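Below is one structure, written out as structure tokens; comments come after it.
The values are calculated or read from the model by the stated rules, or taken from the named source; none is laboratory data. Owing to the predicted nature of the structure, the values given are computational and were not obtained by experimental measurement. When we count neighbours, we look across all protein chains shown, and the Cβ atoms used for this are built from the backbone with ideal geometry, even at glycine. Calculation scope for accessible area: heavy atoms of the full protein, side chains included, ligands and nucleic acids excluded. Shrake-Rupley method; radii C 1.70, N 1.55, O 1.52, S 1.80 Å.
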Amino acid sequence: MKEYDRIQIQDICSRISSGGTPKSTVEKYYGGNIPWLNTKEVNFNRIHSTERTITEEGLQNSSAKWIDENAVIVAMYGATAGKSAISKIRLTTNQACCNLNIDPDKADYRFVYYALYNDYSRLASLANGGAQQNLNAMQIKEFEIPYPSIEEQTAIANFLSALDDKIEVNRQINDNLEKELQALYWKYFSNTQTINLGDVVQTTSGGTPSRTKPEYYGGEYKWVKSKELNSSFLIDTEESITTMAIKKSAAKLLPEKSILIAMYGATVGEYAIIAESMTCNQAICALIPNEQYPYTYLYMVAKNKKEELINKAIGSAQQNISQVLIRTIKVSKENNKIRDFHRIALPFFEIIEKKQKENSYLSNIRDIVLPKLISGELKINEINC
């Protein structure tokens, strides 16, 4: 099938701009009512709110500027370089964002976002620099994407957006349930007698099978890396390993509903629950739930001790914690409270797991059909829904 023509990003935009950062030492520039986006928040998502806000004075005394709703935002610096997002509110950004106002007569902004999502690896590969890889605005302006008719763009965007709409609804449901669980946790455990985690819960870590042995990878056991810990149920992993890999390395099969906590580097303190029996690498500590300390309680412990663990991380170039340190975390020794909490919390966790699995399924569908739709290999009317 004939592929679509291609066009440069700058040819479908009514405006392309970057942002700015008010001077961090001027306190009155921050904490206002103007949303201000940092590139670390750009991660193939829809922006409904920002972690920080600035004041009108901060806006006027910096190169930050208002960006319209439904702009496509592309991160230019650092770990998120090449990733994109859609603004669902009027906001401002820092200087590391390239903000694209798409001309609606030339393109559907959603299609542009999906085209950039689909071609992320190629865009990110253009980044250059030393310790921090950067893109520049000209590289983004001249970046080419497929260019079907506006009608085809809208049809493709409608289909893909419907999947992301459902994913977003599920995330909101889970966010609300997490807030209720947090309130319940504080109700039961804000004032409780404690004991060291290691005295009541078994912990372990994993390992990395030799990369020189291809026969160790692509097997039946999902293998978790610390960067995949998602503060929720972990359904899928990027890689899997074989039975032989488990026998020949420190990796071990962990029981389902184990709680994983990252011990090394940028992800230290991150956590997740594995939805099924999985393995993990050596940068992860696993908490093995038991009858007295079920996964519902251990998950909330990991969630609430994250900042404490980050603060205890040691090392200069790479911030680390140890399994020994994790075992000193204080947990409740009041088993009656833990049992009551588990009884009430379990239905909440079951809904969260169900929604997380549904999102994993929907994401897989989107990521399978997206490149075929964007390239023209597959037409909307050829999809059996």
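Mean sequence separation of contacting Cα pairs (under 8 Å, at least six apart), scaled by the length of the stretch 192-252, corresponds to a relative contact order of 42 percent.
In the assembled protein chains, Lys179 presents an accessible area of approximately 140 Å² (probe radius 1.4 Å).
Solvent-accessible surface of protein heavy atoms, probed at 1.4 angstrom with all chains present, puts Glu220, Glu239 in the order Glu220, Glu239, largest first. Within the accessible surface of the stretch 49-106, defined with a 1.4 Å probe on protein heavy atoms only, the carbon and sulfur portion equals 42 percent. In the structure shown, the pairs Lys40/Lys379; Lys303/Lys355; Lys65/Lys88 are assessed against 28 Å; a Cα-Cα span above that value is assigned to Lys40/Lys379. From a point 7 Å beyond the Cα of Ser149 in the direction of its Cβ, which residues of the stretch 2-46 have a backbone N at a distance under 19 Å? Those under the cut-off are 2-7. Rolling a 1.4 Å probe over the protein heavy atoms leaves Glu151 with an accessible area of roughly 130 Å². Computed about the Cα centre, the dipole magnitude for the chain is approximately 1280 debye when only Lys and Arg (+1) and Asp and Glu (-1) carry charge, each at its Cβ.
Ordered by solvent-accessible area of protein heavy atoms (1.4 Å probe), largest first, the residues Met244, Met76 come out as Met244, Met76.
Counting only residues at least eight positions apart within a chain, or on another chain, the lysines with an alpha carbon under 20 Å from that of Lys213 are Lys222, Lys225, Lys247, Lys248, Lys252. Under a point spin-label approximation (7 Å from Cα along Cα-to-Cβ), what is the Asn134-Ala266 distance to one decimal in nm? Calculated label separation equals 1.7 nm. A crude spin-label estimate for the pair Asn320 and Ile89, with each label 7 Å from Cα along the Cβ direction, gives 4.0 nm.
Of interest is the spacing of the C-alpha centroids, which for the stretch 102-129 and the stretch 267-324 amounts to 36 Å.
Put the Cα centre of the stretch 1-47 next to the Cα centre of the stretch 61-94 and the gap is 1 Å.
Counting only DSSP beta bridges whose two residues both lie in the chain, roughly 80 percent are antiparallel. The angle separating the long axis of helix 150-189 from the principal Cα axis of greatest extent in the chain is about 30 degrees. Share of carbon and sulfur in the accessible area of the stretch 216-277 stands at 52%, probe radius 1.4 Å. Between Lys166 and Ala183, the distance separating the two model label sites (each 7 Å from Cα on the Cα→Cβ line) works out to 3.0 nm. Over the stretch 217-352, accessible surface divided per residue gives 44 Å², non-protein components excluded, 1.4 Å probe. Calculated mean residue ellipticity, 222 nm, the chain: -11000 deg cm²/dmol, from DSSP H runs (n ≥ 4) at -39500 (n - 2.57) each, averaged per residue and rounded to 500. Under 15 Å from a label point set 7 Å out along the Cα-to-Cβ vector of Ile380, no amide N atom of the stretch 1-40 is found.
Take every pair of alpha-carbon atoms less than 8 Å apart whose residues are at least six positions apart; their mean separation over the length of the stretch 1-88 yields a relative contact order of 30 percent. Each Cα pair under 8 Å and six or more residues apart adds its sequence gap; the mean of these over the residue count of the chain is a relative contact order of 16 percent.
Using R0 = 22 Å, the C-beta based FRET efficiency linking Asn43 and Thr212 works out to 0.10. Projected over all directions and averaged, the alpha-carbon convex hull of the stretch 236-333 occupies 7.0 nm². Rounded, prolate or oblate: which one fits the stretch 35-179, using the alpha carbon gyration tensor with axes a ≥ b ≥ c (rounded when a/c is under 1.5, else prolate when a/b beats b/c, else oblate)? Judged from the Cα gyration tensor, the stretch 35-179 comes out rounded (a/c under 1.5).
A 1.4 Å probe, protein heavy atoms only, puts the accessible area of His342 near 50 Å². Going by the alpha-carbon gyration tensor, a ≥ b ≥ c the square roots of its eigenvalues, is the stretch 53-101 rounded (a/c under 1.5) or, if a/c is not under 1.5, prolate (a/b greater than b/c) versus oblate? Verdict is oblate for the stretch 53-101. Place a point 7 Å from the Cα of Asn290 along the Cα-to-Cβ direction; which residues of the stretch 185-222 have their backbone N under 18 Å from it? Zone members listed by number: 194-205.
Evaluated with a Cβ-only charge set (Lys, Arg +1; Asp, Glu -1), the stretch 48-202 carries a dipole of roughly 360 debye about its Cα centre, given to the nearest 20. For the chain, the residue among Ala127, Gly206, Tyr271 whose Cα projects farthest onto the positive side of the dipole built from Cβ charges is Gly206. Spatially, the stretch 340-385 and the stretch 197-220 are offset by 27 Å when compared through their Cα centroids.
Fully extending the segment from Gln60 to Gln8 would add 15.5 nm, taking 0.36 nm per residue of separation and subtracting the current Cα-Cα distance.
Rounded if a/c is under 1.5, else prolate if a/b beats b/c, else oblate: with a ≥ b ≥ c from the C-alpha gyration tensor eigenvalues square-rooted, which is the stretch 1-88? Prolate is the answer for the stretch 1-88, as a/c is 1.5 or above and a/b outweighs b/c.
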